[in-house]
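One structure is given below, encoded as structure tokens.
Please treat every number below as a calculation from the coordinates, not as lab data. Model, not experiment: these values are computed from the prediction. Glycine gets a Cβ as well: all are built from the backbone with ideal geometry, and neighbour counts include every protein chain shown.
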Amino acid sequence: MCKNLTFSAFVPSLRFPLTMRPPLLPRVASAVPPRRHSTLRPPMPSSPALLPSTPPPAAPVEIPKPETTHQHPPAARRRLPLADEEWHPLPLSLAELSLPLTLPTGQTFLWRRTSLSPLRFTAAVGPHLVSLSHLPDDDRLAFLLHNDDPASPTSSVAAARAALCDYLNSAVPLADLWVQFTAADARFAEVAARLGGGGARVLRQDPVECLFQFLCSSNNNIARIEKMVWTLAGYGERLGEVGGFVFHRFPTVERLAQVSEQELREAGFGYRAKYVAGTAKELMAKPGGGAKWLSLLRNRELPEVIEALCTLPGVGPKVAACIALFSLDKNQAIPVDTHVWKVATKYMLPELAGKSLTPKLSIVVADAFVTRFGEYAGWAQNVLFIGQLPAKKLVAAEVTSDTTKPTKRKRGTKMVEIQT
């Protein structure tokens, strides 16, 4: 089991896995309109409980605890339609986005596999509760919107499509990048062939969501990170239930700042509780608010971004590089961990073989990746990282409806740790 994985951040400046043809899906909606970005509004407050006819005496305000399990009283459940599903195509083929090579591979921890046949993953993308799967006729990616409200500009199919295109980085031609990377590096060509020839895409996540996910990731395994992130998501607005999972919109910085360190420790965050609570409060003090401060980092150069992120509690160069790559458009950011270090010393910098990874050498490795792969070096590194994780050992989001139980594993098996 990997322990104390070391990262560092990095470099100059640049922006993309199992091929399986799924069974037939329900009917498909009309063609895809041109991509447009959506501006996601902050979450609406939860529906208040029924008020008594006579107001009760004033009582201390209690911060509601997150929903960490799928069990809810029948009256509180929001039943989502199972029949008459309408799937809407997105401009991404299987070669441009493979669900198993993109969603459960360590860059996000909020997607749940809600069906194995056909393969479907479900999550909240902003205010939209969506499932993703591939169409059987031409392998295009398609989405099902579970909380469709045509009268609402934030919950319509059009708004969900725009949000997904932005989140999935759909404007970046991944297939073209893989051709370029394959020509540049024999090791990449080998890994690409093993992964099926394409589809490992880098996401463009909401910066707040990405930051708090990676605060949970240091020296941690995927299964435990998912449990912590799921707990944080429970503080947000409830969107509905799919496949036994209750999904929430990821909470705002303001909401997270109300959660105490002690509450997070009791939820099993350990020393990371201090980082989550402290970062939320630090962001609240930023000019214009934490969400705006983070989004503006997309307009700055990578070294400035890394430096700014490292001012937050619990964020070092290793975590900052992941946030920069997966949410802030820094496609040349290279998170260097032990997996990437092994690849670099074996195939790119053999003269460093036998040495220990240090912050200085992390920068050397990052420079080597950018020199070889160019502006989208972070995308190439992501593929090589996935190639280091045997599929049989990768802890993905399994079809289960109880995420509150401790992760059990057979004696002698290992949990794969991610690159943070």
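Between Ala171 and Gln262, take the C-beta separation as r, use R0 = 51 Å, and let me know the FRET efficiency to the nearest 0.05.
0.70
Please compute the length gained on full extension between Asp367 and Asp149, using 0.36 nm multiplied by the number of residues separating them and subtracting their Cα-Cα distance. Working shown, then result.
Numbers: separation 218, 0.36 × 218 = 78.48 nm, distance 4.76 nm.
Contour length minus the Cα-Cα distance gives 73.7 nm.
Here each label is just a point 7 Å from Cα along the line to Cβ, and for Asn299 and Lys342 those points are 4.3 nm apart. With 0.36 nm allotted per residue and the present C-alpha distance subtracted, the Ala285-Glu375 stretch has 29.0 nm of extension available. Stick to Cα atoms and the Kirkwood definition of Rh, then tell me Rg/Rh for the stretch 205-328. Taking Rg over the Kirkwood Rh, I get 0.95. Our coupling estimate for the stretch 199-209, obtained by passing each phi through the Karplus curve with A = 6.51, B = -1.76, C = 1.60 and θ = phi - 60°, is x, 7, 9, 8, 7, 10, 7, 5, x, 5, 4 Hz, Gly and Pro reported as x. Sequence-ordered 3J(HN,Hα) estimates for the stretch 366-372 from the Karplus curve with 6.51, -1.76 and 1.60 and θ = phi - 60° stand at 4, 4, 5, 5, 5, 4, 7 Hz, glycine and proline given as x. Amide hydrogen proximity for Leu129: with H placed 1.01 Å from N in the peptide plane, the residues at 5 or more positions away or on another chain lying under 5 Å are His146, Asn147.
Per-peptide packing, taken as the mean over residues of other Cβ atoms within 10 Å, places 289-300, 219-230 in the sequence 219-230, 289-300 from highest down. Stretching the chain fully between Thr358 and Leu116 yields a gain of 83.0 nm (0.36 nm per residue, less the alpha carbon separation). Computed from the C-alpha gyration tensor, the three semi-axes of the ellipsoid equivalent to the stretch 239-278 are 23, 13, 7 Å, from longest to shortest.
Approximating the spin labels as points 7 Å out from Cα along Cα→Cβ, the Glu351-to-Ala193 distance works out to 3.0 nm.
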